[in-house]
1. Roughly how many Å² is the accessible area per residue of the chain, as a whole number, for a 1.4 Å probe?
2. Run lengths n ≥ 4 of DSSP H only: what is the helix-derived mean residue ellipticity at 222 nm for the chain, with -39500 (n - 2.57) per run over all residues, to the nearest 500?
3. According to the square roots a ≥ b ≥ c of the eigenvalues of the Cα gyration tensor, what is the shape class of segment 64-150, taking rounded for a/c under 1.5, prolate for a/b larger than b/c otherwise, and oblate for the remainder?
4. How much of Asp109 can a 1.4 Å solvent probe reach, expressed as accessible area in Å² and rounded to 10?
5. What does the C-alpha gyration tensor say about the overall shape of segment 8-72? Classify as rounded when a/c is under 1.5, otherwise prolate if a/b is larger than b/c, or oblate.
6. For the pair His88/Arg22, report the inter-label distance in nm, with labels modelled 7 Å from Cα in the Cβ direction.
7. Return the sequence-ordered ³J(HN,Hα) values of segment 63-79 in whole Hz as given by the Karplus equation 6.51 cos²θ - 1.76 cosθ + 1.60 applied to θ = phi - 60°, using x for Gly and Pro.
8. Taking Cα centroids, how far is segment 161-199 from segment 1-53 in Å?
Amino acid sequence: MSDDHTHVQEFFTARAADWDTRFPDDGPAYAAAVADLRLREGDRVLDAGCGTGRALPPLRAAVGPSGVVLGADLTPAMLREAVRAGRHRAGRLLLADVAALPVRSGSLDAVFTAGLIAHLPRPVDNLRELARGVRPGGRLALFHPIGRAALAARQGRRITPDDLRAEARLGPLLARSGWRMTSYVDEDARFLALAVREN
């Protein structure tokens with residue numbers, strides 16, 4: 001396991017047990033972001049870096065009983081919390097690294113991520129791996145329940161020009177990874193960038 005993976009696992013393992021109680025009001029923001037992904041009945045969707053699985057119930061509602069919902073995370077403690085919260089009933093949980101997804105190429109219709117991009121050790125390669133799993137024309141949502149400025153203020157830091165989530169950086173980053181950004185919202189109440197898998 002690389003140092004990047006060890007750091008991510010240590011960070012989230014230490015916070016897993018009280019993760020949901022720290023952010024109890026995020027449910028509507030998750031549901032709105034999933035709605036913006038415009039999933040259809042029967043779609044196959046992955047929540048990459050699913051954590052405690054907060055997106056899994058709205059993803060299941062969007063794709064219906066005939067759809068496939070997968071939740072992949074690198075940290076066993078977060079997946080245990082997803083099970084404890086009963087969210088495993090909305091989708092299949094996978095202990096997996098987004099750098100090497102256990103899915104066939106082109107087998108997904110969409111990927112949803114919440115807060116993932118800040119934890120990617122090799123963003124171009126990692127976003128390219130997400131693209132590999134999605135069919136041409138499939139969709140990607142990069143979501144966070146609060147915007148960049150609000151998140152920076154919460155963490156006691158300033159937004160820097162090298163922030164990967166800045167629109168001027170994110171568009172080219174996605175383009176190099178096989179995606180075309182179609183929408184970008186960065187407000188205090190949420191961050192949501194949508195992209196389409198290029199052919």
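The values are calculated or read from the model by the stated rules, or taken from the named source; none is laboratory data. Note that this is a predicted model, so its numbers are computed, not measured. Heads up, the Cβs are rebuilt from the backbone with ideal geometry, glycines too, and the neighbour counts pull from every protein chain shown. Heavy atoms of the whole protein, side chains included, go into the accessibility calculation; ligands, DNA and RNA do not. Shrake-Rupley method; radii C 1.70, N 1.55, O 1.52, S 1.80 Å.
1. 48 Å²
2. -10000 deg cm²/dmol
3. rounded
4. Looks like 10 Å² after rounding.
5. On the way: a/c = 2.87, a/b = 1.76, b/c = 1.63.
Prolate, since a/c reaches 1.5 and a/b exceeds b/c.
6. 2.3 nm
7. Karplus-based 3J(HN,Hα) across segment 63-79 equals 9, x, x, 8, x, 10, 10, 10, x, 10, 8, 7, 10, x, 5, 5, 5 Hz.
8. Answer, in whole Å: 18.
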